[in-house]
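Have a look at the structure below, then the notes.
Laboratory data are not the source of any read-out in this text; all were calculated from the coordinates shown. Computed from a predicted model, the values in this text were never measured in an experiment. Cβ coordinates were reconstructed from backbone atoms using ideal geometry, including for glycine residues, and neighbour counts include every protein chain displayed.
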Amino acid sequence: MSTSPGLNEREEGLALQPKFDASGLVTCVATDAATGDVLMVAHMNEEALRRTIDSGEAWYFSRSRNALWRKGETSGHTQRVVELRMDCDQDAVWIRVEQSGAACHTGRHSCFYRAVKGEDGKVSLAFVDADRKFDPAKVYK
């Protein structure tokens, strides 16, 4: 992975040249390859991106734990990468995955299980597609 390409080369070229932020991360959106559902948004550092490409399994970097992690290493709910794409300026990653079990650490299929609702000038959240596939208290000890 190159570190200082020109704008046109990064946007129009065929070389993988990720543009990591000041913390050394790129944002990654994971979607279900079969349904197109957005499963989760996470971050990758250079090592997570490299391991994802090399292994075909999703690897991420946890900002809260300051650690590299493979999706499913604790829960068993893994993501097999079907396709990995970079956005136009290579500062975001999109992976289409085959999700085994649930994507969200709360036990749900997707991390996006609440919709924003606005009624009478009040904004709140409402559960949508929020059934749990597993009990997080039993999986994450």
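Of note, residue 72 does not satisfy the criterion of being touching a Gly at 6+ places or on another chain (Cβ under 7 Å), under 21 Å from residue 139 (Cα atoms), not in a strand (DSSP E or B) and not basic (Lys, Arg).
If you go through the stretch 124-141 and keep only what is under 20 Å from residue 74 (Cα atoms) and in a strand (DSSP E or B), you end up with just 132.
Yes or no: residue 26 surrounded by 17 or more Cβ atoms within 10 Å (Cβ to Cβ), farther than 21 Å from residue 113 by Cα and either in contact (Cβ under 8 Å) with a residue 12 or more places away in the chain or within 12 Å of the chain's Cα centre (by Cα) (or both)? Full working, then the answer.
Working: surrounded by 17 or more Cβ atoms within 10 Å (Cβ to Cβ): yes; farther than 21 Å from residue 113 by Cα: yes; either in contact (Cβ under 8 Å) with a residue 12 or more places away in the chain or within 12 Å of the chain's Cα centre (by Cα) (or both): yes.
So residue 26 passes the test.
From the list 95, 53, the one residue that fits, being closer than 26 Å to residue 139 by Cα, out of contact with any His (no Cβ under 9 Å at 6 or more places or on another chain) and either touching a residue at least 12 places away in the same chain (Cβ under 8 Å) or not in a loop (DSSP other than H, G, I, E, B) (or both), is 95. Quick check: anything in the stretch 76-84 part of a loop (DSSP other than H, G, I, E, B), more than 22 Å from residue 10 (Cβ to Cβ), free of Cβ contacts under 8 Å to residues at least 24 places away in the same chain and more than 17 Å from the chain's Cα centre (by Cα)? No, that holds for no residue.
Residues are listed down the side, and each one gets a yes or a no for (1) among the β-branched types (Val, Ile, Thr); (2) out of contact with any helix residue (DSSP H, G or I) (no Cβ under 8 Å at 6 or more places or on another chain); (3) loosely packed, with under 11 Cβ neighbours inside 10 Å; (4) within 27 Å of residue 54 (Cα to Cα):
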| residue | (1), (2), (3), (4) |
| --- | --- |
| 95 | yes, no, no, yes |
| 98 | no, yes, no, yes |
| 115 | no, yes, no, no |
| 137 | no, yes, yes, no |
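Only a single item in (1) over 26 Å from residue 141 (Cβ atoms); (2) surrounded by fewer than 18 Cβ atoms within 10 Å (Cβ to Cβ); (3) not small (Gly, Ala, Ser) is not met by residue 41, and it is number (1).
Taken as a whole, the condition of being surrounded by 13 or more Cβ atoms within 10 Å (Cβ to Cβ) and out of contact with any Cys (no Cβ under 8 Å at 6 or more places or on another chain) applies to residue 57.
Checked against (1) under 26 Å from residue 47 (Cα atoms); (2) aliphatic (A, V, I, L, M); (3) in a strand (DSSP E or B), residue 102 meets all criteria but (3).
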